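Below is one structure; the comments refer to it alone.
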Amino acid sequence: MDYLHRVFDTQLSEYLDAFGAVLIEGPKWCGKTTTAMQQAKSVLKMQEPDHIEANLATAQTKPSILLKGATPRLLDEWQVAPVLWDAVRTMVDDRGEPGQFILTGSNAVDRTKIRHSGAGRIARLKMLPMSLFESMESNGSVSLHQLFDDPNLDIDGIPSDLSIERLVFAACRGGWPASLSRKTDKAQLLIAKNYITTVCEVDVQNIDGVNRSASLTHAILRSYARNLSTLAKKKSIVDDVVATAESLSLPTFDDYQQALQKLFLIQDIEAWSPAIRSKSAIRSGLKRELADPSMAVAALGLSPDVLMTDMKTFGFIFECLCVRDLRVYSQSLGGYISYYHDRYDLEADFVLHLDDGRYALIECKLGSREIDEGAGHLLQLKELIKKHNAENPKIQLREPDLLIILTGGQLAYTRPDGVKIIPIGCLKD
């Protein structure tokens, strides 16, 4: 299968021009190694079966030997030998040139195992599973970059080629590059199912050698999936696990949650808390999200056929798919994602912030019947910001640059009130 362009490609190239080394972190199977190999000139695969023992022995005795090779040199799954981190940092200092190394890893390393943070030498980049644009299911007719540069850009009538049936399937299959090369729909859906099984039975123990229960790991992931895209508190998730599976204390939950975060599976979203209401009015908890919607589908044992008859559940899955794609697209814009929700139920599912201060308020509404409600939330939040600025001339907040509703529909358009309606099957960075 030919390499499919990733939004991440450009960012990796830019970072290699600026830093001595770049660390790519992200979930297993999201394409880190394949993407890195497009720009690497030599490769060391630490976990290659024929050489792993020799590699580990060399890393312990003279790690600099493993760094020899044309640059950028890719050190795949470097965390197998954490000593490589400090060896890379030292060689970057000695050579004094950018673009020397690319490191890839599928789990975060205990900071106590490395002597230096790598600040100024090793830049960190997070990679995600593929967006719909990268898997060629979004036609990319509407660009976030262009919309930010020209909020009045005409998008009226731009069509999406993605039917609701294919959208549901894409969410169930997930953005795993390996799944796209499988010949049948059934084979493609098995990738995410196997991913969850491997995480529960192998990865949560291998990450740090702690003996964790596969069944409890699966129960926690299943509860996370049931609470996907909500502000469920930690205690609520624990109570849900206890009610459906087995006993679980808060400290034990924290341990399992941290392990899943180190594997980059759990990727919760933090709240945006502008000073437009009292602090007690604005929700500050985490919005529960997984790195890919297929993880939730697999953890719950769902299928495209089931979700086609349960659009309410798919609405939460759809929101997870939207945030995955927004995270991918925002990386190329130097941005990040948060959410807004207050006790009066005024909300924006996501706030996409750019590093220059511009931002978009975004709601995810699967069907057309919900669009008016979503637009009302966004417009009310914008008016609240305007009111704050009128009452506080010395403490001005920037008004949102874009108001967007992402849908599973077929046509993009701009409402008379300025809210952009964009099918997820049209969107790109």
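The values are calculated or read from the model by the stated rules, or taken from the named source; none is laboratory data. Please read all numbers here as calculations on a predicted model, not as lab measurements. No Cβ is skipped: glycine too gets one built from the backbone with ideal geometry, and neighbour counts run over all protein chains shown. With ligands, DNA and RNA removed, areas are computed over all heavy atoms of the protein, side chains included. Shrake-Rupley method; radii C 1.70, N 1.55, O 1.52, S 1.80 Å.
Assign one of three labels to region 17-150, namely rounded, prolate or oblate, based on the Cα gyration tensor with a ≥ b ≥ c the square roots of its eigenvalues; rounded applies when a/c is under 1.5, prolate when it is not and a/b is larger than b/c, and oblate otherwise.
Prolate is the answer for region 17-150, as a/c is 1.5 or above and a/b outweighs b/c.
If ligands, DNA and RNA are left out, what is the accessible area of residue 362 with a 1.4 Å probe, given in Å² to the nearest 10?
It works out to around 0 Å².
First check a/c for the chain, with a ≥ b ≥ c the square roots of the eigenvalues of its C-alpha gyration tensor; if it is under 1.5, answer rounded, and if not, answer prolate when a/b is larger than b/c or oblate otherwise.
Since a/c reaches 1.5 and a/b is larger than b/c, the shape of the chain is classed as prolate.
Would you list which aspartates and glutamates come within 15 Å of residue 386, measuring only between C-alpha atoms, while excluding same-chain residues fewer than 8 positions from it?
399, 401
Which of the three applies to region 92-222, rounded, prolate or oblate, going by the alpha-carbon gyration tensor with a ≥ b ≥ c and a/c under 1.5 meaning rounded?
Oblate, because a/c is 1.5 or more while a/b does not exceed b/c.
Over region 176-288, with the other protein chains present, what is the accessible area per residue in square angstrom, probe 1.4 angstrom? Spell out each step's value before the answer.
On the way: 5460 Å² over 113 residues.
With all protein chains present, region 176-288 gives 48 Å² per residue.
From largest accessible area down, sort 71, 61; use a 1.4 Å probe on the protein chains.
Most to least solvent-accessible, the answer reads 61, 71.
In straight Cα distance, which lysines are under 25 Å from residue 45, not counting same-chain residues fewer than 8 positions off?
28, 32, 62, 68, 113, 126, 262
Step through the residues of region 336-341 one at a time and calculate ³J(HN,Hα) from phi using the Karplus curve (6.51 cos²θ - 1.76 cosθ + 1.60, θ = phi - 60°), rounding each to whole Hz and writing x for Gly and Pro.
8, 10, 9, 9, 10, 7
Run down the lysines and flag those whose C-alpha is under 20 Å from the C-alpha of residue 365, throwing out any fewer than 8 positions away in its chain.
Residue 365 reaches 287, 312, 382, 420, 428.
Using a 1.4 Å probe on the protein chains only, how many percent of the accessible area of region 219-337 belongs to carbon and sulfur?
With neighbouring chains kept in place, the figure for region 219-337 is 52 percent.
Within the set of other residues whose C-beta is less than 12 Å from the C-beta of residue 18, count the net charge using Lys and Arg as +1 and Asp and Glu as -1.
Local net charge: -2.
Would you mind checking the tilt of helix 185-198 against the longest principal axis of the Cα atoms of the chain, expressed as 0 to 90 degrees and rounded to 10?
70
In whole Å, how far is the Cα centre of region 1-24 from that of region 122-136?
So the separation of the two Cα centres works out to 10 Å.
Quick one: helix 234-244 against the long Cα principal axis of the chain, what's the angle to the nearest 10°, folded into 0 to 90?
It works out to around 80 degrees.
Angle check, please: helix 52-61 long axis (alpha carbons) against the longest principal axis of the chain (alpha carbons), in degrees 0 to 90, nearest 10.
80
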